[in-house]
Amino acid sequence: MRLVFAGTPEVAVPALDALIASQRHEVAAVVTRPDAPAGRGRRLVASPVAERAAEAGIEILRPSKPRDEDFLARLRQIAPDCCPVVAYGALLPRVALDVPSHGWVNLHFSLLPAWRGAAPVQHSILAGDEITGASTFLIEEGLDSGPVYGTVTERIRPTDTSGDLLTRLAFAGAGLLEATMDGIEDGSLKAVPQPADGVTLAPKIMVEDAHVDWSAPALRVDRMVRACTPAPGAWTAFRGERLKLIQVVPVPERTDLAPGQLAVGKNDVYAGTGSYAVELLWVQAQGKKPMRAADWARGVRIGASENLGS
């Protein structure tokens, strides 16, 4: 098939690579978000998908909105059979959805209908799911509600951050998306409507949502930290500033600390929760680089009555 691929971040690149390497399909163009300011100098930087497309000599479309007339006109000229999508980052209007004969097919990082929305991997870890996966589905105007072509499953490991899990799903999902394009092209795949039961929502997790509640159980604190790593970053307050928590480990045998209470040893730092303690392994103070929690604690000289979250 003749394809126009839509995607923006690094997580979309493995799927683009798989389709570029496919012997059965042609990636005629990519659609991605416009260049965005980044870094201290705030200079405009192309998206990872745009950079990969440029390397491969593929036409790049960067509409400010997918309903822009110039973009729609060019899309009609290209006349794609199908438009595979991975984390594009903008809602597609009906006028765009109607252009390809086989529609727009999204690779979504959950087992639909579970975790519809912008942050499925983060919410899956936060909820304590043991299994997640990826799904390919035909995009409709509803939120991730279209009929499903295929799925692949992935076990969530006890130490997985959202970054770890998303990386594995990006590569497993790339194979699924390529197989979905093959199945659509030869007619062997038919999209199956999602069941009405089991729908859960995964809205974007904002910085305010990543504030750690030390009265929650240790497992909840651990999940919050892992779900919000690398973004937006779980955090707590310490001396009136934000302290980012990069890695913690639950310690069931340590039950002597109140929620948020700190215990500092020579080479370890513990914090109390609503159940048992967690050990802080890596943290990042405001304006500083990530560091081992023991080094941070030595540097700030924590007082006997100081707590996290206060």
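The values are calculated or read from the model by the stated rules, or taken from the named source; none is laboratory data. If you're wondering where the values come from, they're calculated on a predicted model, not measured in any experiment. Note that each Cβ is placed from the backbone with ideal geometry, even for glycine, and that neighbours are counted across all protein chains shown. What goes into the accessible areas is simple: the full protein's heavy atoms, side chains included, and nothing from ligands, DNA or RNA. Shrake-Rupley method; radii C 1.70, N 1.55, O 1.52, S 1.80 Å.
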Among G272, G198, G260, the residue with the largest mean-square fluctuation in a Gaussian network model of the chain built from Cα contacts under 10 Å is G198
Which of (i) 18; (ii) 48; (iii) 33 is the computed percent of Cα pairs over 34 Å apart? It is (iii)
Within the set L16, L72, L245, GNM on the chain using Cα springs under 10 Å gives the largest fluctuation to L72
Relative contact order in percent for the chain (Cα pairs under 8 Å, 6+ apart) equals 13 percent
Regression test value, accessible area per residue of region 8-96, probe 1.4 Å, units Å², expected 52 Å²
Inter-part gap, Cα centre of region 262-287 to Cα centre of region 163-239, in whole angstrom, is 26 Å
Stretched fully, the stretch from S215 through V199 gains (0.36 nm per residue minus C-alpha distance, one decimal, in nm) 2.9 nm
Ranking R157, R74 from most to least accessible area with a 1.4 Å probe gives R157, R74
In region 15-58, the trypsin sites (Lys or Arg not before Pro) that sit in a DSSP loop and have at most 10 other Cβ atoms within 10 Å of their own Cβ are R40, R42
With label points set 7 Å from each Cα along the Cα-to-Cβ direction at V207 and A237, the distance between them in nm comes to 1.5 nm
GNM on the chain, Cα springs under 10 Å; top mean-square fluctuation among T32, T132, T167 goes to T167
Per-residue ellipticity at 222 nm attributable to helices in the chain (runs of n ≥ 4 DSSP H, -39500 (n - 2.57) apiece, nearest 500 deg cm²/dmol) works out to -8000 deg cm²/dmol
For the pair T153 and V45, the simple spin-label estimate (label points 7 Å beyond Cα toward Cβ) gives in nm 3.8 nm
Residue-normalised value, i.e. accessible area per residue, for region 163-202 at 1.4 Å probe, in Å², stands at 50 Å²
Residue ranges of DSSP H helices in the chain that stretch 27 Å or more (Cα, own long axis) and have mean Kyte-Doolittle hydropathy of at least -1.0 are 162-186
The percentage of the accessible area of the chain (probe 1.4 Å, all protein chains present) made up of carbon and sulfur atoms, to the nearest whole number, is 52 percent
The relative contact order of region 120-276, taking Cα pairs under 8 Å that sit 6 or more residues apart, comes to a percentage of 21 percent
Contact order relative to length for region 1-160, counting C-alpha pairs under 8 Å separated by 6 or more residues, stands in percent at 19 percent
